[in-house]
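These notes are about the structure you will find just below.
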Amino acid sequence: MPEATVYRALKRLRALGIIVPAIKVSKIRNSKGGPRPTVWAITGASTDEISKALKLHFRTLSPKFRVAEEVAQTILDEYVNSRNLNEISYREILIHIRELRIPFNKPDIADLAAQYLHEKGIKVWR
């Protein structure tokens, strides 16, 4: 989406009173400077919701998290949902990651994938 379109939409939503500026993001790692980004929130949003959204945003910027999310989703689709199971062992996650030959550190990806699966309601045995 073009940047100008986003700013125009933000301006309209702010004029209608639908969104308000929530917080200014503190210095981002590996940033060379410039203006600090603003987090916008729907009127009446709690600070917990804002912090969860900000955390999710930074997690999705991480290449490791995106790979772990894809791995966890394939585990959900192929392994857990096909067998109607609500649990998986950490070892099985590691085996699945080794089969995929992912270039990242396997325990890091397994931890992130286990966290993602736990958030989706799957019990991960350690």
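I'd like to check something: does region 82-96 contain any residue that is at pLDDT 85 or above, at negative phi, among the small types (Gly, Ala, Ser) and not assigned by TED's automatic domain parsing to the domain that holds residue 27? Yes, there is a match, as at least one residue in region 82-96 is at pLDDT 85 or above, at negative phi, among the small types (Gly, Ala, Ser) and not assigned by TED's automatic domain parsing to the domain that holds residue 27.
Scanning region 71-86 for residues that are more than 14 Å from residue 115 (Cβ to Cβ) and either under 19 Å from the mean Cα position of the chain (by Cα) or loosely packed, with under 11 Cβ neighbours inside 10 Å (or both) gives 74, 77, 82, 83, 84, 86. Just so you know, in region 40-65 the residues that are closer than 23 Å to residue 116 by Cβ and of a type in the set (Val, Ile, Thr) include one that is modelled with the highest pLDDT, and it is 50. Residue check: residue 89 meets all listed conditions (1) small (Gly, Ala, Ser); (2) in contact with a strand residue (DSSP E or B) (Cβ under 9 Å, 6 or more places away or on another chain); (3) without any contact (Cβ under 8 Å) to a residue 24 or more places away in the chain but one, namely (3). All conditions in (1) modelled with pLDDT of 90 or more; (2) closer than 30 Å to residue 20 by Cα; (3) of a type in the set (Asp, Glu) hold for residue 111, with the sole exception of (2).
Give the residues of region 116-126 that are outside any loop (DSSP other than H, G, I, E, B) and either touching an Asp or Glu at 6+ places or on another chain (Cβ under 6 Å) or touching a residue at least 12 places away in the same chain (Cβ under 8 Å) (or both), sorted by residue number. Within region 116-126, 116, 117, 123, 124, 125 qualify. For region 12-39, the candidate set comprises residues that are at pLDDT 90 or above and of a type in the set (Gly, Ala, Ser); within that set, the residue that is surrounded by the most Cβ atoms within 10 Å (Cβ to Cβ) is 22.
Among the residues of region 90-105, those identified as within 15 Å of residue 66 (Cα to Cα) and buried (at least 16 other Cβ atoms within 10 Å of the Cβ) are 97, 102.
The values are calculated or read from the model by the stated rules, or taken from the named source; none is laboratory data. Since the structure is predicted, the reported quantities are computational estimates derived from the model, not experimental observations. Positions of Cβ are backbone-derived with ideal geometry, glycine not excepted, and every protein chain shown enters the neighbour counts.
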